[in-house]
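Engineer: Would you mind keeping the following structure in view while I ask a few things?
The values are calculated or read from the model by the stated rules, or taken from the named source; none is laboratory data. For clarity, every value in this text was computed on a predicted model and none was experimentally measured. Please note: Cβ atoms are built from the backbone with ideal geometry, for glycine as well, and neighbour counts cover all protein chains shown. Just so you know, the surface numbers come from the protein's heavy atoms only, side chains and all, with ligands and any DNA or RNA stripped out. Shrake-Rupley method; radii C 1.70, N 1.55, O 1.52, S 1.80 Å.
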Amino acid sequence: GNGYVIFLPDVKYEVGRPCLSSVKCLVPGVQKLVSMGIADPKGFGLHGHSWGGYQTAFIITQTDLFAAAIAGAAVTNMTSAYDGIRWGSGRARQFQYEKSQSRIGPSLIDAPELYIQNSPLFFADRIHTPLLIEFGDKDDAVPWYQGIELYLAMRRLNKNCIFLQYPNEPHHLKKYPNKLDYTIKMKEFLDHYLKGEPAADWITKGVPFHR
């Protein structure tokens, strides 16, 4: 109804190369949409949350194909996230990076280069895509300082990045006003960068931090 096409890609993962796998699968899929006349090559947006947010943050370090990107609750630095716990369950985080979702394989001690190669933070200088980062500061799955790390790196590099932080919210927003606020902001962000609509004040002027 708003002139958008939604593309949900499948990714075939390789152990040790989770993010490069997503680039390898996503980019040709997007290019296929262009060749079919379905999508505007200058109007692609990229959005993901949690694991999808992590992939979003990494993909824009490898390609300028996207006019805007939104990464919610994303791990951005595997080296700092590895030796922590999931605050909700108390489980050590190492397992998910070695054998579970992240599929790195070896430990951080045995193969630190793989953790660096698959962390968006270490390639922040390559990002040219406007990025919107979202986190709840009570996230019990991905510590919200993961978003802070990438945000501060991009600020240090004078990159276009906005950080949305929702107080007392977990991994997925629970409070209806915050869900509504984030939904509206996502659409305004994409409408501006993908469709050329005027930028909302929160994009150009920001919103003061309140606790």
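Engineer: Under 17 Å Cα to Cα from Lys175, which lysines show up? Leave out anything in the same chain fewer than 8 places away.
Structural biologist: Straight-line reach from Lys175, under 17 Å: Lys138, Lys185.
Engineer: Then there is this: What does the helix-only formula give at 222 nm for the chain: each DSSP H stretch with n ≥ 4 adding -39500 (n - 2.57), the total divided by the residues, and the result rounded to the nearest 500 deg cm²/dmol?
Structural biologist: Rounded to the nearest 500, it is -11500 deg cm²/dmol.
Engineer: In the P(r) worked out for segment 101-193, what percent of Cα pairs fall beyond 20 Å?
Structural biologist: 50 percent
Engineer: Right, another one. Using Cα-Cα distances under 8 Å and only pairs 6 or more residues apart, what relative contact order does the chain have, in percent?
Structural biologist: Across the chain, relative contact order equals 19 percent.
Engineer: Taking 20 °C and 1.002 mPa s as the conditions, I'd like the Stokes-Einstein D for segment 1-82 in µm²/s, using the Kirkwood hydrodynamic radius from alpha carbon pairs.
Structural biologist: Here the translational diffusion coefficient equals 160 µm²/s.
Engineer: Taking the Cβ of Val75 as the center, what net charge do the other residues with Cβ under 10 Å away carry, scoring Lys and Arg +1 and Asp and Glu -1?
Structural biologist: 0
Engineer: Turning to a different aspect of this structure: Compute the distance in nm between two label points, each set 7 Å from the Cα along the Cα-to-Cβ direction, one at Arg126 and one at Leu8.
Structural biologist: 2.9 nm
Engineer: Okay, next question. For a paramagnetic label modelled at 7 Å from the Cα of Phe95 toward its Cβ, which residues of segment 102-143 fall within the zone defined by backbone nitrogen distances under 20 Å?
Structural biologist: Once the point is set 7 Å along Cα→Cβ of Phe95, 102-110, 140-143 turn out to lie under 20 Å by backbone N, inside segment 102-143.
Engineer: Taking every pair of alpha-carbon atoms in segment 26-131, give the share separated by more than 23 Å as a whole percent.
Structural biologist: Counting every Cα pair in segment 26-131, those more than 23 Å apart make up 35 percent.
Engineer: Quick check on packing: order 41-52, 75-86, 177-188 by the mean number of other C-beta atoms within 10 Å, highest mean leading.
Structural biologist: In decreasing order of mean packing, 41-52, 75-86, 177-188 become 75-86, 41-52, 177-188.
Engineer: Order 3-10, 112-119 from most to least packed using the mean count of other Cβ atoms within 10 Å.
Structural biologist: 112-119, 3-10
Engineer: Right, here's the next one. Based on the mean of other Cβ atoms within 10 Å per residue, sort peptides 146-152, 168-174, 89-95 so the most packed one is first.
Structural biologist: Ranking the peptides 146-152, 168-174, 89-95 by packing returns 146-152, 168-174, 89-95.
Engineer: If you don't mind, there's one more thing I want to ask. When the accessible area of the chain is split by element with a 1.4 Å probe, what percent falls to carbon and sulfur?
Structural biologist: The computed percentage sits at 55.
Engineer: If you roll a 1.4 Å probe over the heavy atoms of the protein chains, what accessible area per residue do you get for the chain, in Å²?
Structural biologist: Value for the chain: 52 Å² per residue.
Engineer: Moving to a separate point now. If you take the beta carbon distance between Lys42 and Asn168 as r and set R0 to 35 Å, what does 1/(1 + (r/R0)^6) give as a FRET efficiency, to the nearest 0.05?
Structural biologist: Here the calculated transfer efficiency is 0.35.
Engineer: Once you order the gyration tensor axes a ≥ b ≥ c over the Cα atoms, which shape class does the chain get: rounded for a/c under 1.5, otherwise prolate or oblate by comparing a/b with b/c?
Structural biologist: Oblate is the answer for the chain, as a/c is 1.5 or above yet b/c matches or exceeds a/b.
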